[in-house]
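Working notes for the structure below.
No lab work stands behind these numbers, since they all come straight from the coordinates. Since the model is a prediction, treat every value here as computed from it, not as a measurement. Cβ placement follows ideal geometry from the backbone for every residue including glycine, while neighbour counts extend to all protein chains displayed.
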Amino acid sequence: MFKILSLLIGVPIIVIAVMFAIYNQGPVTLDLRPFSSSLDMPVFWVVLGTLLIGVLLGMLMTWLAQGKYRAMARSYRSQAISLRTEADLARARAEAAEAKANA
């Protein structure tokens, strides 16, 4: 389901981005103020580069915001492992006690 949904969303976005790049190849001057220099590049590089930076920053911020949930998941995972080990030991003791009682 996720693969189909990502294809339904991803393919049109890629097609739109390619069409945008094809039709917007005119030059634009990008002025880098603090460094007193400028770059001449096609419009699509500026727009697609800005979008890419925005997506990457959004991914980074989401990853940082979910840090506490990842820490909780690690804690719960280790807790589950210790409880599973404890249950296995209790099961082994019960089986040993049952075998001893039947013998």
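Before moving on, here are some points about what is shown:
- Cα-based helix-to-principal-axis angle, 67-102 vs the chain, degrees rounded to 10: 20 degrees
- Label sites at MET1 and ILE13, each approximated as a point 7 angstrom past Cα along Cα to Cβ, lie 2.0 nm apart.
- Net length available on complete extension from ALA94 to ALA21 is 19.3 nm, with 0.36 nm assigned per residue and the Cα-Cα distance removed.
- Between 0 and 90°, nearest 10: helix 2-23 axis offset from the chain longest Cα axis: 10 degrees
- The angle separating the long axis of helix 43-65 from the principal Cα axis of greatest extent in the chain is about 20 degrees.
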